[in-house]
Amino acid sequence: MSDFAREVQALRPELLRFARYQLRNDDWAEDAVSETVLAALEKPQAFAGRSQLKTWLVAVLKNKVVDQLRRHAREATVLTTDDGEDLD
C-alpha cells in the first residue's frame, strides 16, 4: 500500500464522522465516504498538494454528500392508509 493510500485510510474515521453529521444516516454516510476514498485512490494525481490532504478529501466528500442527498431525494415515497390503500 502506498503512503498516499495509507494517509487516505487514516483519515477515514474523520471523514465518516463528518458524513454522519451531515447526512444523519449511517448507511448513506458510509456510502459517501467509500465513494470519496475510492475516488481519491483511483486518481491520486488529482491531489495537487495545494492544500492539506484532509482539506482536499473533505471537499470531495462534500460533493459526495450532495450526491447522496440528491439520490435519496429522488426516491418516491408512497403514502398509504392504514388499510393499505394508496393515497392520491
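Computed from the Kirkwood radius of its Cα pairs, the Stokes-Einstein diffusion coefficient for region 1-76 at 4 °C and 1.567 mPa s stands at 103 µm²/s. Temperature 10 °C, viscosity 1.306 mPa s: under these conditions the Stokes-Einstein estimate for region 1-44, based on its Kirkwood radius over C-alpha pairs, is 150 µm² per second.
Take the Cβ-Cβ distance between Arg74 and Glu14 as r, set R0 to 30 Å, and report the resulting FRET efficiency rounded to the nearest 0.05. The calculated FRET efficiency here is 0.55.
Each reported figure results from applying straightforward, stated rules to the coordinates on display, with no laboratory input. Computed from a predicted model, the values in this text were never measured in an experiment. Neighbour counts run over all protein chains shown; Cβ positions are idealised from the backbone, glycine included.
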